[in-house]
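Input: a single structure, listed below in structure tokens.
The values are calculated or read from the model by the stated rules, or taken from the named source; none is laboratory data. What you see is a predicted model, and the numbers here were worked out from it, not measured in a lab. Cβ atoms come from the backbone with ideal geometry, glycine included; neighbour counts cover every protein chain shown.
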Amino acid sequence: MALTIRVADLGADRDVLIETLRRYLTPLSDAARYDWLYRSNPYGPAAAWIAVDPASGQTVGMASAFPRRAFRDGKDERCWVLGDFCIHSEYRTLGPALQLNRACLAGVDQGAVAFCYDFPSDRMMAVYRRLGVPTFGPMIRYARVLRWGPKLRERVPVPGLSTLAGAPGLLVDLVTGRAPKPQAGTVVALQGAPCDAAFDELDRSTRGRFRLQLERSAAYLDWRYRANPLGRYEILTARRGGELLGYAAFMHAGTDALLADLSAREEGTTRLLLDDLAARMKARGAVTLSAPVLASHPLIPQLERSGFRPRESTPVLIHARPDPAPAQPLTCGDWPLMHGDRDS
């Protein structure tokens, strides 16, 4: 069934977009989410496309693209992270999905941005395969168990036996996971105020380590984490005097904690932030700390040293604007992609 695809007007179509997302994608779709994600991004407003059934005039789906600033091979570029793709269940055949996704990729082909990237579901992978977009690499969730007692009891759900099975884990929990002691003069603390110029300086100092990096400016971090209405993100910092050595952005809810982003000047600071965050999350009652990263991410050796182990993986795709003089293709090791680099 052919649909009509049109570019959304973020002002005039605001209510339509919010309701379409709420109906077909997430009950979290509301005015606060929309205004934050679509209108307040420091890199500019989102782009969105609406799918309409021409016979009924009904809006049956939408897709969106959220702007980012990237540095690739020393060049300052604009890019999109794709998200909020949804469609009415009666139209979830390959044809309508192809139409809607083609509209997103056409924006890149026509020069709106240099490239886009996506974290597609299994259903969307079929669409990308049909469009000839290859998988860039897997996003792997690394996880560290912080409390073995509850984990062992989960594996033995029999009353009495589960308590017995969890006893060894409780002993381990009592003697592990203490917060590391930083070097003299280094302070690890939660960021209570908005991110300052020190975050901009840290971002500039770490550019050039990889062929492709997304900007981590103070304005971006405040928007992405501190202003996020979808969850309570926090930022843990390591400082020595007035110098910001590194930070870790994370979220904690119940027994689960998530490391969304980490940047540091040196490996010692990375190790300090990982272990301090694990100790804090354990003290708050978290059982597992997860850290989704792109395969070959340079953080992986540090994660493994800190007790993280690989779990499930999901695909990441990149679609770039046609280039008459194409550069050397990117590989996973060229891009330190983390969970915080997605929006939905």
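Structure summary
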quantity: Residues located in the stretch 12-60, provided they are among the polar types (S, T, N, Q) and within 21 Å of the chain's Cα centre (by Cα); calculated: T26, S29, S40, N41
quantity: Members of the stretch 212-235 found to be over 15 Å from D341 (Cβ atoms) and surrounded by 18 or more Cβ atoms within 10 Å (Cβ to Cβ), listed by number; calculated: A218, D222, I235
quantity: Residue within the stretch 319-339 that is in contact with a helix residue (DSSP H, G or I) (Cβ under 6 Å, 6 or more places away or on another chain) and either in a strand (DSSP E or B) or farther than 20 Å from R226 by Cβ (or both) present; calculated: yes
quantity: Residue that is farthest from A46 (Cα to Cα) [pool: residues in the stretch 218-249 that are in contact with a Gly (Cβ under 7 Å, 6 or more places away or on another chain) and in contact (Cβ under 8 Å) with a residue 60 or more places away in the chain]; calculated: A249
quantity: Qualifying residue in the stretch 88-111 (condition: in contact (Cβ under 8 Å) with a residue 24 or more places away in the chain, closer than 30 Å to L274 by Cβ and not aliphatic (A, V, I, L, M)); calculated: no
quantity: Qualifying positions in the stretch 262-297 - touching a helix residue (DSSP H, G or I) at 6+ places or on another chain (Cβ under 7 Å), at pLDDT 95 or above and of a type in the set (S, T, N, Q); calculated: S263, T270
quantity: Hits in the stretch 299-308 (condition: surrounded by fewer than 23 Cβ atoms within 10 Å (Cβ to Cβ), part of a loop (DSSP other than H, G, I, E, B) and touching a residue at least 40 places away in the same chain (Cβ under 8 Å)); calculated: S306, G307
quantity: Selection from the stretch 74-125 of residues that are under 17 Å from A8 (Cβ atoms) and not hydrophobic (A, V, I, L, M, F, W, C); calculated: G83, D84, H88, P96, Q99, N101, R102, G107, Q110
quantity: Residue that is modelled with the highest pLDDT [pool: residues in the stretch 189-211 that are loosely packed, with under 11 Cβ neighbours inside 10 Å and not small (G, A, S)]; calculated: L190
quantity: Meets criteria (touching a residue at least 60 places away in the same chain (Cβ under 8 Å) and touching a Ser or Thr at 6+ places or on another chain (Cβ under 6 Å)) for L25; calculated: no
quantity: Residue match in the stretch 110-122 (condition: at pLDDT below 95, assigned to a helix (DSSP H, G or I) and either out of contact with any Pro (no Cβ under 8 Å at 6 or more places or on another chain) or outside the structural domain of D53 (by TED's automatic domain parsing) (or both)); calculated: yes
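Here's the yes/no breakdown for (1) on the phi < 0 side of the Ramachandran plot; (2) more than 14 Å from the chain's Cα centre (by Cα); (3) among the small types (G, A, S):
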site: L221; (1), (2), (3): yes, no, no
site: G254; (1), (2), (3): no, yes, yes
site: R265; (1), (2), (3): yes, yes, no
site: R271; (1), (2), (3): yes, yes, no
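Yes/no per residue for (1) surrounded by 16 or more Cβ atoms within 10 Å (Cβ to Cβ); (2) touching a Leu at 6+ places or on another chain (Cβ under 9 Å); (3) not in a helix (DSSP H, G or I):
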{"position": "P180", "(1), (2), (3)": "no, yes, yes"}
{"position": "V187", "(1), (2), (3)": "no, no, yes"}
{"position": "A248", "(1), (2), (3)": "yes, yes, yes"}
{"position": "T270", "(1), (2), (3)": "yes, yes, no"}
{"position": "L273", "(1), (2), (3)": "yes, yes, no"}
{"position": "L289", "(1), (2), (3)": "yes, yes, yes"}
